[in-house]
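Everything on this sheet refers to the single structure shown next.
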Amino acid sequence: MKAMLFLQAALLAAALLSAPGGREALAAEGEGWFTVQYGDLTVTALSDSTGRMPYSLFLPSEISPADFAALAGQAGPEYADSVPSWINAFLVRKGDSLFLVDAGTGTGIADRIRAAGYAPEAVTHVIVTHFHGDHIGGLAAEGGGKAFPNAVLFAPKRDEEYFIPSDGSEVSGTDLARRATAPYRADGTYRPFEPGSQIAPGVNSVSLWGHTPGHSGFRFEGTGGPFLAWGDIVHAYLIQFPRPEATVSYDVDRPSAAETRKRVFNEAADGKLLVAGAHLPFPALGTVSRAQGAGFAWHPYLPPEPAAADGPKPEAGAAPASPEAEAPAADQAK
Ligand SMILES: [Zn+2]
């Protein structure tokens, strides 16, 4: 029922339910990829990997350990001793352009793109939300060239300034930031963008700074309504929707990250945005509403029931486990 309510609220406006084929027309899915037609936008969620994040990444936080433990307890066994994490990227087809939002940790996203029926060569714009390794690790191919050879790379200028200091000094992540962007700089397809600037007609960056100085979302205007890919606004959905002030140790500026989260939750609820989150449960597409107190609720897009067929239900969202995601030192799930 929740699924139907959500579909009616978020997707009926796009007249998709009246499309020939009814529910079957809404989505296509396979292992690690999931496509939904949202008006004139074709949105494909791509799963890079899944893992778990230790509690220690979230504590100390702006909520007390007792409150954290209570929320984790309510969340059930999934949160018994650590927080489940997903790493996702998104492909958006809009007109003749194919936008990839974030590139994952390595070669997995290019593989998922192929599985979903596209070629990495068809990507016209790669747009990254920020410079952490789970978002830029897949920009360069294993040989060092561009993993998306025909794409222009749009990257937040403030993250470039933070992660690749102009004085030649280094911070955590500098080496990867240099390597990941190098092949695009080399062939003249690297485009640093200012906060809030336009990426392409109908595609605008939205400053969501706090997690990193340049952390950005991307808002796509489509005939089905606005679609916002919000990057790392949420790392622990069962904690941070009810208590948006809770931050994670990866946040460069924790108070700003919390303020930005509250602001974008309100905007998503008011604007009835279809949202995509890099670390929400795959396929990580859904809407936000206000809930108890100062809290919010996440309403995932649920896949349509699979057509009656022999064999087990396809495991939408199944993705290879990524043990490295547990290691805080690794460039994972940041
Ligand atoms: Zn991340």
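So, by mean Cβ neighbours within 10 angstrom, what's the order for 244-250, 70-76 with the highest one leading?
Highest mean packing first, the order is 244-250, 70-76.
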Next item on the list: Grab every C-alpha pair in region 165-310, bin the distances at 5 angstrom width from 0 up to the longest one, and report whole percents.
Entry: 2, 9, 15, 19, 19, 14, 10, 7, 4, 2, 0, 0, 0
Checklist line | Whole-angstrom Cα spans of region 188-247 along principal axes, big to small | finding: 39, 30, 15
Next item on the list: Compare the peptides 137-148, 178-189, 95-106 by average per-residue count of other Cβ atoms within 10 angstrom and give them in order, highest first.
Entry: 95-106, 137-148, 178-189
Check: Rounded to two decimals, what ratio of Rg to Rh does region 146-222 give with C-alpha atoms and a Kirkwood Rh?
Finding: 0.98
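Values in this text are rule-based calculations from the coordinates and carry no lab data. This is a predicted model, so every value here is computed, not measured. Glycine also receives a Cβ, built like all others from the backbone with ideal geometry; neighbour counts cover every protein chain displayed.
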